[in-house]
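Here the structure comes first, spelled out in C-alpha cells, and everything after it is commentary.
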Amino acid sequence: MKALVVYFSKFGNTQKVAEAIAEMLESAGSVCVLSLEQLTASDMKGVDLVVMGSPTHRMNLPEAVRLVLKGFPRRILRGTHIATFDTSYKMSWWLSHFTAARRLARALRRLGGRQIAPPETFHVMEKEGPLYEGEIERARKWAEFLSGKLQRQPESAPPKFST
C-alpha cells in the first residue's frame, strides 16, 4: 500500500494527529506525510490512499484549504481511496455535523476519491489545544482501521472512535 497523509495545521494539533496516523500506516506500506502547503497534484498520483486533515474553523474548512483543493485538476483522485479527519473542540451533536472532515470528504469525493471510512474528529481543549489525552492513541487506532479496510479484511461496521 502506498499512502499520502496531508494536513493543514495552525496550532500543531492537526499535524500531531497526521503524524500518528502516518506512523501507524507505515506498518502496511510506504507513507508520505506533507503539509498542505507542500502538496502538489503530482503527489496525489499513484497512491492507494489519501488521508487528509484540517482543523475546523468556524464550523467549516479554513479558507487556505478550500483554495488549494479548488486548484487541483478535476477527477485527480479518480479511484483513489480517501479518508478525512479534523481537529476541533467538543461540540454538541447537532453542531458536530459542521466539521472540516465532512467538508474535506465532500471535496475529495468531487475530485474522484472513494471514501472508505466516515470522517473522524479528534478533540482539542479550547480553541488552540492541546489535544485531549488519548486522542493520539485514538488516531493510531483509526489508522489501523483504515489499513485493515485496504487490506480487504471482512467487511464490518466501523468501530466507534469518538470519545
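The values are calculated or read from the model by the stated rules, or taken from the named source; none is laboratory data. Quick caveat, the model's predicted, so the values are computed rather than measured. Cβ atoms come from the backbone with ideal geometry, glycine included; neighbour counts cover every protein chain shown.
What to note about this one:
- Residues that are among the acidic types (Asp, Glu) and either touching a residue at least 60 places away in the same chain (Cβ under 8 Å) or at positive phi (or both), drawn from segment 9-27: 23
- Flag if residue 30 is of a type in the set (Gly, Ala, Ser), closer than 24 Å to residue 144 by Cα and free of Cβ contacts under 8 Å to residues at least 40 places away in the same chain: yes
- Among the residues of segment 17-33, those identified as within 15 Å of residue 50 (Cβ to Cβ) and within 12 Å of the chain's Cα centre (by Cα) are 18, 21, 22, 33.
- Residues of segment 125-146 satisfying the condition of being at pLDDT below 95 and either under 20 Å from residue 102 (Cα atoms) or exposed (fewer than 13 other Cβ atoms within 10 Å of the Cβ) (or both): 126, 127, 128
- Among (1) surrounded by fewer than 19 Cβ atoms within 10 Å (Cβ to Cβ); (2) closer than 25 Å to residue 132 by Cα - the single one residue 53 does not satisfy: (1)
- Odd one out for residue 78, checked against (1) in contact with a His (Cβ under 9 Å, 6 or more places away or on another chain); (2) more than 23 Å from residue 16 (Cβ to Cβ): (1)
- Segment 67-84, residues that are under 15 Å from residue 2 (Cα atoms) and crowded, with 18+ Cβ neighbours inside 10 Å: 77, 80, 81, 82, 83
- Hey, residue 14 under 11 Å from the mean Cα position of the chain (by Cα), under 21 Å from residue 150 (Cα atoms) and among the hydroxyl-bearing types (Ser, Thr, Tyr) or not: no
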